[in-house]
Amino acid sequence: MAILRKDLIRELRTREMLISMILFVLLAMVIFHYAFTVKEGADLTYFTGGMLWVTFIFAMLLGLNRSFAQEKDERCLDGLLLCPVDRVTIFLAKTAGNLIFLLIIQVVAVPVFTLFFVERSYAGDLLPFLVVLLLADVGICALGTLLATISMNTRSRDLLLPIIFLPLIVPVLIAATGATTLIFAEGAGFGGLLARVLFLLGFDVVFIVAAYGTYDFAIGE
Amino acid sequence: MKQLVSAPALFVEAGICLVAGLLLAFLYAPVDASSMGFSQKIFFYHVPIAETALVAFGIALVAAIAYLRTQNLKWDRLGLVCVRLGLLFSLLVMVTGMIWGKAAWGVWWAWEPRLTTFLLVCFLYIAYLVLRSVVEEEQRRATYAAVFAIIAFIDVPMTFFATRFLPEGLHPVVITTGGTGMEASMLVSFLISMLGMTLLLVALIRRDLAVEDLKDRVADLKNTIGG
Amino acid sequence: MPLEIDVEGLRKTFGRREVLKGLSFSLERGGFLSIFGPNGAGKTTTLRVLATLLTAGAGTVRVAGHDVRDDPMPVRRTIGFISHDPMLYLDLTAQENLRFYADMYGVDDREARITELLERLELSHRRHDVARTYSKGMRQRLAIARAILHRPRVLLLDEPHSGLDPRAVDILDGLLTEIRDEHTFVMVTHNIAKGLEWGTRLMIIENGRIAYEHAAGVDPESFSAVYREHVQEGAVL
């Protein structure tokens, strides 16, 4: 899809957003360590899922603001809206683009995180882990793209996005961190994670459908 | 019939139902057999408030969809009023919930599913109000608010289910809102309270709509005079 | 002559302010409508409604035989929009920008068309340079290429000559002359000379209403008088 390619080319060319987000994520991990190891030998095992996903969510908030700020700046959004494409297609392309960026960041971040914080090897549970990762990512990106479209048009756009995004993403956060922590701390196969995985799937489906119905309004004028 | 449904009358009716419900709860319904004892009585207000809050948000959802379809700002106004009231009721849920918690378990706060969900609901709909405050243009503000109201309402049950994934902690989730376990006397008191609360909601909606309408008319007059 | 643009009772409100108060006008195919008016009169708003970027509050607007509200897709395919915002991606090259839009519009002979336009607008030598490095005039030229890439039948121009260097003005005028036949134009401008030169119909919008409407061929003097009467700022002759 043309939009997707355009966004990717643009980002790869400047690499602004990606590098900033990756740096942010890595820094956050370091900060987490210092913030939480107050007591000697503190065990962060059961915090791992939480740390990971909080980091990703906040990184996405940064990224979303950027990706839409660019469209707004040169009035490119108008150019986009003039084209004979469905608004929903724009939504899907933007979401896919954001998803790819998030995945790229995660490819770098997850190994580093494992190195820093995860004691036991979870290679055996790699597949469930990746599934959870992907499903949660989709939810974050879909919801984030929809909300960023709205917030980009308001007065205090960067400040607004976290306020409207964070309460909505809590269900995903709960399910994803629960699943991830289980995998990191104790190891769990699909069986134990089934409820959460299905929940994430359900969340994704429901919200993408909701976005389908409302995106026209969110982006139009 | 119109007399019965007019705004002041509604308040009176709501008041009667609520007071009646309260009296019944205290005098008629037996003291709860479980460990909570007398403090369980708050249930008669706490749960109706919660359900009414959700009803308010539900109406906001319908209003949002209606606005997107018709572009008529009246729906936007209804949505705003309902969200504000829903928020108010939600805060009351939290307060009564905390009182109950203190009386029954000795702590002001517990991260149990219901309270947590309502806490998030509060944040959610506060975000709705914040969103409204940063968009100046009327139609656009209404559109964005409507989109958010729809998304928010879908998110509420999601949040509730998600909180069930969380570990239960020290405080067991006791309430069974189904009401199937209730004796007849308790049920009656409960239902009357429910009715009272709902009437109160309707009365408040009407009043707030009228206030908003007046506000708009004043603004219009100001515009015509001020130029 | 079929009507390419047909507007009836167009109204648009922004918040409490009614910006367009019931405009009605039409333009036959091949016509050139020059719209003048003071700032804030509603000229750009009208153009944006025609371009499907804004939805009208009331009234019907038909462009190229389709209703812009009910059936915007075909309209978008047949219109090109040039405004003072170039709508270009600054981090992409000229080639990439045009490729993107060509794909979005489904232009068949993409490469050939892009090359042709880049030559016509004298940008070929910079085609692989990122748009950020372009001067304002060059960006405007690229924007023009973007607008006519998909061979639109109707061109909507919002003060297209503003901010252009003389060379770019010449190129634009040359281009307009070239495609003048078989295309319909609506141009909003503050430049009376250009407006009179090109227009087959003239219109002044003031305060959301049509204050003046006339077929071309008016005496420039009398038009200036009318213009000064309705448009507070000085006339640009």
Notebook entry, point to check: Taking the condition over 19 Å from C:Val154 (Cα atoms) and among the charged types (D, E, K, R), does C:Arg11 pass?
Noted result: yes
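Please tell me if C:Arg29 is more than 12 Å from chain A (Cβ to nearest Cβ) and touching a Pro at 6+ places or on another chain (Cβ under 7 Å).
Against the criterion (more than 12 Å from chain A (Cβ to nearest Cβ) and touching a Pro at 6+ places or on another chain (Cβ under 7 Å)), C:Arg29 qualifies.
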Notebook entry, point to check: With C:Tyr101, C:Tyr89 as the choices, which residue is hydroxyl-bearing (Ser, Thr, Tyr), part of a loop (DSSP other than H, G, I, E, B) and either surrounded by fewer than 18 Cβ atoms within 10 Å (Cβ to Cβ) or within 11 Å of chain A (Cβ to nearest Cβ) (or both)?
Noted result: C:Tyr89
Check: Which residue, of C:Leu164, C:Leu156, is buried (at least 16 other Cβ atoms within 10 Å of the Cβ) and over 30 Å from C:Pro74 (Cβ atoms)?
Finding: C:Leu164
Notebook entry, point to check: Among the helices (runs of 4 or more DSSP H) contained in segment A:25-130, which hold 2 or more residues that are hydroxyl-bearing (Ser, Thr, Tyr)?
Noted result: A:48-73, A:87-117
Margin query: Conditions first: (1) more than 14 Å from chain A (Cβ to nearest Cβ); (2) in contact (Cβ under 8 Å) with a residue 12 or more places away in the chain. C:Asp108 passes all but one, so which condition is the exception?
Written below: (2)
Next item on the list: Identify, by number, the condition in (1) within 14 Å of chain A (Cβ to nearest Cβ); (2) more than 16 Å from the chain's Cα centre (by Cα); (3) aliphatic (A, V, I, L, M) that C:Leu155 doesn't meet.
Entry: (2)
Notebook entry, point to check: Listed residues C:Val218, C:Val226; which is free of Cβ contacts under 8 Å to residues at least 40 places away in the same chain, farther than 22 Å from C:Arg48 by Cα and in a helix (DSSP H, G or I)?
Noted result: C:Val226
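Quick grid of which residues meet (1) away from chain B (no Cβ under 14 Å); (2) modelled with pLDDT of 85 or more:
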{"site": "A:Leu103", "(1), (2)": "yes, yes"}
{"site": "A:Val110", "(1), (2)": "yes, yes"}
{"site": "A:Val118", "(1), (2)": "yes, no"}
{"site": "A:Asp125", "(1), (2)": "yes, no"}
{"site": "A:Phe129", "(1), (2)": "yes, no"}
{"site": "A:Gly139", "(1), (2)": "no, yes"}
{"site": "A:Thr145", "(1), (2)": "no, yes"}
{"site": "A:Ile169", "(1), (2)": "no, yes"}
Margin query: Anything in segment A:75-95 that is within 17 Å of C:Arg48 (Cα to Cα) and either more than 12 Å from chain C (Cβ to nearest Cβ) or surrounded by fewer than 18 Cβ atoms within 10 Å (Cβ to Cβ) (or both)? List them, or say none.
Written below: A:Arg75, A:Pro84
Notebook entry, point to check: What residue, of C:Thr44, C:Thr52, is within 13 Å of chain A (Cβ to nearest Cβ), at positive phi and crowded, with 16+ Cβ neighbours inside 10 Å?
Noted result: C:Thr52
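The values are calculated or read from the model by the stated rules, or taken from the named source; none is laboratory data. In this text, all values refer to a predicted model and were calculated from it rather than measured experimentally. Because the Cβ atoms are built from the backbone with ideal geometry, glycine has one as well, and the counts that use them run over all protein chains shown.
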